[in-house]
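Laboratory data are not the source of any read-out in this text; all were calculated from the coordinates shown. If you're wondering where the values come from, they're calculated on a predicted model, not measured in any experiment. Note that we place each Cβ from the backbone using ideal geometry, even for glycine, and neighbour counts take in every protein chain shown.
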């Protein structure tokens, strides 16, 4: 059973992973894909760490706080990069990254891992 005290963070992480995967796939379809290379790389990193963080929280791992700390930092970097691009998918991804970073920081606070 999922650790309910972290459910909003788990949900934000899974939503962010989905947004990042969609953004990366959409960036690959853009006309000037080389200009999107950093965005795509960060999208992939962010999607993976968000999925990992959700899994660690779901099983109430002792390392969930540390993973969420890293997740928040990767989300910050991905969100900042996506904000630079005017594409709708990038803007939606940036918003998902901001929400996830905030939820991860809240989770760390609740878990006493700050």
Shape call for the stretch 50-114 from the C-alpha gyration tensor, a ≥ b ≥ c root eigenvalues: rounded (a/c under 1.5), prolate (a/b greater than b/c) or oblate?
prolate
With angles folded into 0 to 90 degrees, how steeply does helix 64-83 sit against the dominant principal axis of the chain? Use alpha carbons for both and round to 10.
20
Nearest 10 degrees, 0 to 90: helix 7-27 Cα axis against the chain principal axis
20
Exposure-ranked with fewest Cβ neighbours within 10 Å first, 10, 40, 49 stand as 40, 10, 49
Take 105, 38 and order them by how many other Cβ atoms sit within 10 Å, fewest up front.
38, 105
Just grab the label-to-label distance for residue 60 and residue 110, each label 7 Å out from Cα along the Cβ direction, in nm (one decimal).
1.3
Can you compute the helix-only [θ] at 222 nm over the chain? Use -39500 (n - 2.57) per DSSP H run of at least 4 residues, normalise by all residues, nearest 500 deg cm²/dmol.
-26500 deg cm²/dmol
Over all Cα pairs of the chain, the Kirkwood radius sets Rh, and Rg/Rh then becomes 1.01
Suppose R0 equals 30 Å; then what is the FRET efficiency for residue 29 and residue 7 from their Cβ-Cβ distance, rounded to the nearest 0.05?
0.35
Quick one: angle between helix 37-58 and the longest Cα principal axis of the chain, in degrees between 0 and 90, rounded to 10, please.
20
